[in-house]
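Written below as structure tokens is the structure these notes are about.
Where a number appears in this text, it was derived from the coordinates with a stated rule and is not lab data. Quick caveat: nothing in here was measured; it's all calculated off a predicted structure. Note that we place each Cβ from the backbone using ideal geometry, even for glycine, and neighbour counts take in every protein chain shown.
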Amino acid sequence: MKLLTWALSLTLFVTLLSGCQLSEPEAKSTSFKAAIGILLSDTGLGDGSFNDAAFKGLERARNELGVRFDYREAPDGDYEEKLNELIEEDMDLVIGLGFSVQEALEKVAKENPDQSFLLIDGSSDVKNIMSMTFKEHEASFLVGVVAAMTSKTGVIGFIGGMDADVIHRFEAGYRAGALYADPEIKIISDYAGDFGDAELGGKLASEQIDKKADFLYPAAGYTGIGAILKAQEEGVFAAGVDGDQFFVAEKAVVTSMMKNVDIAVFDLVEALVNDSGEITDYELGLAENGVTLAEIRLADLSVTQQAKLIDARKKIISGDITVPDKVN
């Protein structure tokens, strides 16, 4: 099994990403039929966000580029076993989705030095692993701006899944954005320690609402779904993550911090199909359309508030606002 190389520079890859964001390319055929394997993160398919988005990107690659792909779920944590199953299928690229699979991915990558791997949502120094990370904190900043501008109580909440760096980025950006919009805003934060417990998410949401929080931002997978549903039940606002989660609770979800994982995965596979070059790592933020804010619904922002939100986005992209990626 050969080690794949990658032709596109980061600049060209970002150009592709931005272009796909604007319009869907025509279907095309290729003489090189790449084979891609993906190990999904803990909660697997049906999460309405991270896993489903990556899967959507591979489905599109199959339909438009003629690639073959297979996937595995590992709800029992048997990551190494599932990764090795994909390698045995003679995959050109094996993708590990989510930081929770990183340790197993690195171990398997070292045992298979001629196999190419991609880690999404984590950064690795292993030579045959390419890393793709997202600047969640940048779009979370905009969620915080919206939360502070729509809050009537002056109290908003954040609910994290696992206590991990990637989730800290969500919280750090959210806090910074809220304080940018309202320096007096109060932010309550809780970590569930679990991405798959909707009941626990609802419980944490209820506790934050009891403390007057009227806008909740959960970055917690299925646990977050429980929090969003509780927000709707209690008549307060919420924001989704990774994908547009308005459909989860159409009376509560004002907007969502969207990772364009589907677009990024498709563009990377397209690069694989068409070119060759050096392995590199990618970090995608607002400027690269790697993250964005979903449509604002439910909340009636004034013209001044809309202008403030637009201005904040422009300043993040220009570098006039530096969004922290760690909670102080």
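Some points to look at:
- In the chain, the longest principal axis of the Cα atoms and the axis of helix 136-150 are about 20 degrees apart.
- Cα gyration tensor category, rounded, prolate or oblate, for the range 94-157 with a/c compared to 1.5: prolate
- For the range 95-201, the list of trypsin sites (Lys or Arg not before Pro) that fall in a loop by DSSP and count at most 13 other C-beta atoms within 10 angstrom reads Lys127, Lys152.
- Take every DSSP beta bridge whose two residues both sit in the chain; close to 5 percent of them are antiparallel.
- Relative to the Cα centre, the charge distribution of the range 137-258, modelled as +1 at Lys and Arg Cβ and -1 at Asp and Glu Cβ, gives a dipole magnitude of about 320 debye.
- Sorted largest first, extent of the range 137-258 alpha carbons per principal axis (Å): 33, 30, 24
- The modelled label-to-label distance for the pair Ser318/Ser206, using points 7 Å beyond Cα in the direction of Cβ, is 4.7 nm.
- The tail of the calculated P(r) for the range 238-319, taken as Cα-Cα distances beyond 16 Å, holds 64 percent of the pairs.
- Rounded tilt (10° steps) of 303-318 against the dominant C-alpha axis of the chain: 40 degrees
- The magnitude of the dipole of the range 31-125, with charges of +1 and -1 set on the Cβ of Lys/Arg and Asp/Glu and taken from the Cα centre, is near 460 debye.
- Across the options Ala139, Gln305, His168, the greatest Cα extent toward the positive end of the charge dipole of the chain (unit charges at beta carbon of Lys, Arg, Asp, Glu) belongs to Gln305.
- Among Gln115, Thr292, Tyr71 - extreme Cα towards positive end, dipole of the chain, charges at beta-carbon: Thr292
- For the chain, the equivalent ellipsoid built from the Cα gyration tensor has semi-axes of 35, 21, 17 Å, listed from largest to smallest.
- Using R0 = 45 Å, the C-beta based FRET efficiency linking Ser302 and Asp194 works out to 0.75.
- Percent breakdown of C-alpha pair distances by 10 Å bin, ordered from the shortest bin, for the range 206-267: 25, 51, 18, 6, 1
- Zone residues, the range 117-152, relative to Asn328, backbone N less than 20 Å from point 7 Å out along Cα-to-Cβ: 136-149
- Rounded to the nearest 10 degrees, the inclination of helix 261-274 to the longest alpha-carbon principal axis of the chain is 20 degrees.
- Extending 7 Å from the Cα toward the beta-carbon at both Leu45 and Arg68 defines two label points whose distance is 1.8 nm.
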